[in-house]
Each structure stands twice: as structure tokens, then as C-alpha cells.
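The structure under discussion appears below in the form of C-alpha cells.
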Amino acid sequence: METLHSFLGNAAVLADHKVLLALGTGFEGYVPKTRVLRHEAAIALVNGLGHEKALRAITLDAARILGIADAYGSLEPEKVADLVLYDGDPFEHTTHVKVTIQAGRVVYDRSEYLKLPFERRALPLVGGGGVGCCMGGW
């Protein structure tokens, strides 16, 4: 029922009215990965927000709303270098994260991750028995 009469273009309407907006996610522990920020932004993008505004809503405008835009949200000298590099459009479902940098330090490198045996890459989800709801057979 919560989706009855829902409208996926809310972000676009707010942006069109010059409302500063940030997109965020929620996480329900019982349904893992139901909300991923770049997917939430992609939904807003295709429902009228557009690529540039969607990117800004998860970077600089989000930092402005949080009052931390002096240090975060854009790539400028003297700002914290938190950065994610993709192998394609970040709002495309099939795009992979190649490198993640936090505070100027590489914290994830996909090329290193892919060197791990598959069993290590397909980590079971933490739950009651140590596996997620749909991975009990693993």
C-alpha cells in the first residue's frame, strides 16, 4: 500500500523549484542491499532529475545540506579526497567500482579484490545462522 499513488519524480519537481536536495538510502537488515545510493539516484535521474542534478544531489548538495561543503562534496584543493572511480556511468546498473579513495588513501581496489578466490568474494551475509535469508544453501 505504501506505493499506492507514489510518484518517482519528486526529486525533479523539488529541483525544478530550486529546492536544495540530497538523495539518501535506508537499510533494512532483514533485506540486504535493498537501497544503494547510486541506484536511488538513477531512479531520480530517469524520472526527470537528470544526470548532473542527480550527481550533485549525492555529492555537493548533500554536503551543503549537512553543512560540510567546505571540506566535502566536490573535488577541490584543501578538501577531503573521498572518491569512487567506476568503469562506466555510476548510475548504470552494470557499472563496477574500480577504486575507492578515502581521505586520499585507496581503501578498495577491484583488481585486488578479483584476485581473491570466488569463495572469499561471495561472503555470506551476517544473520541468525551466519548466512543471509537467500544464501542458506551455501
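Coordinate-derived values only; no laboratory data. Quick caveat: nothing in here was measured; it's all calculated off a predicted structure. Glycine also receives a Cβ, built like all others from the backbone with ideal geometry; neighbour counts cover every protein chain displayed.
Taking 7 Å steps out from each Cα toward its Cβ at VAL46 and GLU92 produces label points 1.4 nm apart. Counting only residues at least eight positions apart within a chain, or on another chain, the aspartates and glutamates with an alpha carbon under 20 Å from that of LYS115 are ASP87. Charge tally for GLY73 (other residues, Cβ to Cβ under 11 Å; Lys, Arg +1; Asp, Glu -1): -1. The ASN10 and LEU75 beta-carbon pair, evaluated with R₀ = 30 Å, returns a calculated FRET efficiency of approximately 0.60.
In plain terms, the chain from ILE101 to ARG121 could stretch by 5.2 nm, reckoned as 0.36 nm per residue minus the Cα-Cα distance.
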